[in-house]
1. Pick out, from P75, T48, G9, the residue whose Cα sits farthest towards the positive end of the charge dipole of the chain, with +1 on the Cβ of Lys and Arg and -1 on the Cβ of Asp and Glu.
2. Once you place label points 7 Å from the Cα toward the Cβ at F58 and E94, how far apart are they in nm?
3. With mean projected area of the Cα convex hull in nm² as the read-out, I listed [x] 11.9; [y] 7.9; [z] 16.9; which label goes with the value calculated from this structure?
4. Between exposed trypsin sites (Lys or Arg not before Pro) in the chain, where DSSP calls loop and at most 16 other Cβ atoms lie within 10 Å, what's the longest gap?
Amino acid sequence: MRSPRSLVGGAPAAEHTVRFDGRELPVQPGQSIAAVLWAAGILAWRTTRGTGAPRGAFCGIGACYDCLVTVNGRPNQRACLVPARPGDDVTTQEGTGHADLAV
């Protein structure tokens, strides 16, 4: 099968992994967290505050906030903008991501 990669003779760079909700996922250097999740077939990684509706990437360019995840304990990170780094621990974000701060 012909692909852009086969036409130029390219080969993928060495990969590393990130953990998403306890699952190890392969990462190509330069991928955003959203791209890693999409490549793994994961389309939703956040729930809304009010109804708990699932959300994933919507705009893919950082203009909206549908793709929020918690990365290394930091909530409200836009998955489409955050580069996936070796060893990152990414978790599904529920609501505002600050449930532990509720009174």
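What follows is calculated from the coordinates using simple rules that are stated; it is not laboratory data. This one's a predicted model, so the numbers in the text were calculated from it and none came from an experiment. With ideal geometry, Cβ positions are generated from the backbone for all residues, glycine too; neighbour counts draw on all protein chains shown.
1. It is G9.
2. It is 2.2 nm.
3. [y]
4. Between exposed loop sites, the widest span is 50-103.
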